[in-house]
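Trainee: Sharing a structure below in structure tokens format, with a few things to ask.
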Amino acid sequence: MSFGKEVRMSRIFRGKNNMTVMLALDHGMALGPMRGIERPRELLNSVSGSVDSIMLNKGILVQCASPSSGAGIVLRISGAATIDGPDLTAERLTTTIEEALRLGVDAVATSIFVGTPNEHASIEACALLSDECDRFGMPLLAVTALGKDREKAFKSRYLALAVRVAAELGADIIKTYYCEDGFDKVVEAAVGIPVVIAGGPLMDSNSQVLEVAEKAIKIGARGGDMGRNVWQSEKPIAMLKSLRDIIHEGVTAQEALLRYWN
Ligand code: R5P
């Protein structure tokens, strides 16, 4: 990895164990002002100090984030499709590496939609972006997505396929989902590239979120890149702190849940 990429990666993966608590709040570009991210400025202010990194789009970064918050910044640079449009997976690149550099960010993120009609376009865009990222020393985070098929969404076979595709394209960080059965195969498919897990839609309980984080970390994930299960929880800051305890201190989900309520 180039020196520039390593510098930027070190602003995202932190602490003795080189892990990340990343807060995702990039959802508005496709889903609008969802519950929990209606006031991103307040949210970003309140989480400063509890996160290692944040993942968001350019407008919210510039308008609502503090340049001196100290959090690593992952700029999403794919989008251009909304929940009200014909196809959420029909993404395009929305800005450039030059713009990302100008904004001082630490990584850029794009989605690949494996197994959907848009897999070709999204994988090709990610591959070309990977070359450009190499040229500028900018880490690339690939967000792996499998489309609407919920059957596939949590099966290690399909998750591993998408993760391996991202690794083959040259991603520096790979975002995927945790699955109960075979998550080790998903991590293995990343061939050593750091894997971070998304949370997905709000889970049934706080303990479930923390258990997912604990299991994923134990199996080899290098952090969480969660959104809804943090900012839609009753206590977003407490949830972030509990996730942090699991990710950086190796506490159990049970202990982290106790800390959440205390
Ligand atoms: C998905 O395309 C977005 O990148 C989200 O940031 C991602 O899904 C993580 O958020 P959540 O934990 O809410 O799933």
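The values are calculated or read from the model by the stated rules, or taken from the named source; none is laboratory data. What you are looking at is a predicted structure, and each value in this text was computed from that prediction instead of being measured. Ideal geometry is used to build each Cβ from the backbone, glycine not excepted, and the neighbour counts take in all protein chains shown.
Trainee: In region 33-50, what residues are hydroxyl-bearing (S, T, Y) and assigned to a helix (DSSP H, G or I)?
Mentor: Hit for region 33-50 is S46, nothing else.
Trainee: Only one of (1) surrounded by fewer than 19 Cβ atoms within 10 Å (Cβ to Cβ); (2) within 16 Å of the ligand (Cβ to nearest atom) fails for S66. Which number is that?
Mentor: Failing condition for S66: (2).
Trainee: Sort out for me the strands (runs of 3 or more DSSP E) sitting completely within region 138-254 that have 1 or more residues that are modelled with pLDDT of 95 or more, within 12 Å of the ligand (Cβ to nearest atom) and acidic (D, E).
Mentor: 223-226
Trainee: Among the listed residues A100, A121, A153, identify the single one that is among the small types (G, A, S) and crowded, with 19+ Cβ neighbours inside 10 Å.
Mentor: Of A100, A121, A153, the one residue that is among the small types (G, A, S) and crowded, with 19+ Cβ neighbours inside 10 Å is A100.
Trainee: How about region 118-135: which of its residues are out of contact with any helix residue (DSSP H, G or I) (no Cβ under 8 Å at 6 or more places or on another chain), in a helix (DSSP H, G or I) and closer than 22 Å to G147 by Cβ?
Mentor: If the condition is that a residue be out of contact with any helix residue (DSSP H, G or I) (no Cβ under 8 Å at 6 or more places or on another chain), in a helix (DSSP H, G or I) and closer than 22 Å to G147 by Cβ, then E119, H120, A121, S122, E124, A125, L128 are the ones that fit.
Trainee: Further, regarding this structure: From G224, G170, G192, which residue is touching a residue at least 40 places away in the same chain (Cβ under 8 Å) and surrounded by fewer than 17 Cβ atoms within 10 Å (Cβ to Cβ)?
Mentor: Unique residue meeting the criteria: G170.
Trainee: Every residue in region 15-63 that is buried (at least 18 other Cβ atoms within 10 Å of the Cβ) and either acidic (D, E) or away from the ligand (no atom under 15 Å from the Cβ) (or both), please.
Mentor: M19, D26, S50, D52 - these are the residues of region 15-63 that are buried (at least 18 other Cβ atoms within 10 Å of the Cβ) and either acidic (D, E) or away from the ligand (no atom under 15 Å from the Cβ) (or both).
Trainee: Further, regarding this structure: Provide a single number: the residues in region 74-111 that are of a type outside the set (S, T, Y), part of a strand (DSSP E or B) and touching a strand residue (DSSP E or B) at 6+ places or on another chain (Cβ under 6 Å).
Mentor: Residues that pass the stated criteria total 7.
Trainee: Could you grab the pairs with beta carbons closer than 6 Å, sequence gap of 6+ or different chains, first residue in region 22-36 and under 17 Å from Q63 (Cα atoms), second one near the ligand (Cβ under 9 Å from one of its atoms) and among the charged types (D, E, K, R)?
Mentor: A24/D225; D26/R76
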